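Only one structure is covered here, and it is reproduced in the block below.
The values are calculated or read from the model by the stated rules, or taken from the named source; none is laboratory data. Since this is a predicted model, take the numbers as computed values, not measurements. Using ideal geometry, Cβ is built from the backbone for each residue, glycine included, and neighbour counts are taken over all protein chains shown.
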Amino acid sequence: MKKFLLVFLLGFCSFTLIACQSQMEEMTLLDSVSDISISKSNGYGGLNENYFVSINQEEDISTIEGILKNAKGVNGDVDVNNDNPDYDILVRYENGDTHGLHLVLGNEGEETIFMYIGDEKNGFTVSSEATKMLKSIIDVQ
């Protein structure tokens, strides 16, 4: 009986730990996106509010929403000491909420990394094809 209880508790604890780690697998959008503002980043931890582009065209917003929804989590794998974000992104939702994101934009053929501002150690990667789409929307050469 004691062995059964011990095995049950170990299994339950393992399941709980695995469930907690899997919470970061995908990015969460709070509502429908109404506007996206982008600025050059000044580094981790803050949002540069000196935006050089505001995206409010439905097609571009839809593309970025799709990219964010398909981003896959990389818990604890972001090196915030050696890499700096390229851009800061403010996502405004129709319900009035906002999200601040850092963006490390990959080169051609590379993945791109998004991070929630304030939780920079946990990033979300998107494919090289998504990187190409982002570059065209942001108009980066």
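Screening segment 82-125 for residues that are in contact (Cβ under 8 Å) with a residue 60 or more places away in the chain, not in a strand (DSSP E or B) and not charged (D, E, K, R) and picking the one that is nearest to Leu29 (Cα to Cα) gives Asn95.
Only residues that are buried (at least 19 other Cβ atoms within 10 Å of the Cβ) and in contact with a helix residue (DSSP H, G or I) (Cβ under 7 Å, 6 or more places away or on another chain) were counted across segment 124-136, and they come to 3. Selection of first residues in segment 23-36 that are at pLDDT 75 or above and assigned to a loop (DSSP other than H, G, I, E, B) and of second residues that are surrounded by 14 or more Cβ atoms within 10 Å (Cβ to Cβ) and not charged (D, E, K, R), restricted to Cβ pairs under 6 Å at least 6 apart or on distinct chains, gives the following pairs, ordered by first then second residue: Met27/Leu68; Met27/Ala71; Met27/Phe124; Leu30/Tyr93; Asp31/Tyr93. Can you pull out every residue in segment 117-132 that is among the hydroxyl-bearing types (Ser, Thr, Tyr) and within 9 Å of the chain's Cα centre (by Cα)? Hit for segment 117-132 is Thr125, nothing else. If you scan segment 49-76, which residues turn out to be of a type in the set (D, E, K, R) and touching a residue at least 12 places away in the same chain (Cβ under 8 Å)? The answer is Glu49, Asp60, Glu65, Lys69, Lys72.
Can we say Ser62 is assigned to a strand (DSSP E or B), over 14 Å from Met27 (Cα atoms) and modelled with pLDDT under 95?
For Ser62, the condition - assigned to a strand (DSSP E or B), over 14 Å from Met27 (Cα atoms) and modelled with pLDDT under 95 - is not met.
Residue under question is Lys69, and the condition is that it be surrounded by fewer than 14 Cβ atoms within 10 Å (Cβ to Cβ) and modelled with pLDDT of 80 or more; does it hold? So Lys69 fits the description; yes.
For (1) among the charged types (D, E, K, R); (2) over 12 Å from Ser41 (Cα atoms); (3) out of contact with any Asp or Glu (no Cβ under 6 Å at 6 or more places or on another chain), each residue gets a yes or a no:
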residue: Tyr87; (1), (2), (3): no, no, yes
residue: Asp97; (1), (2), (3): yes, yes, yes
residue: Leu101; (1), (2), (3): no, no, yes
residue: Glu110; (1), (2), (3): yes, yes, yes
residue: Phe114; (1), (2), (3): no, yes, yes
residue: Glu129; (1), (2), (3): yes, yes, yes
residue: Ser136; (1), (2), (3): no, yes, yes
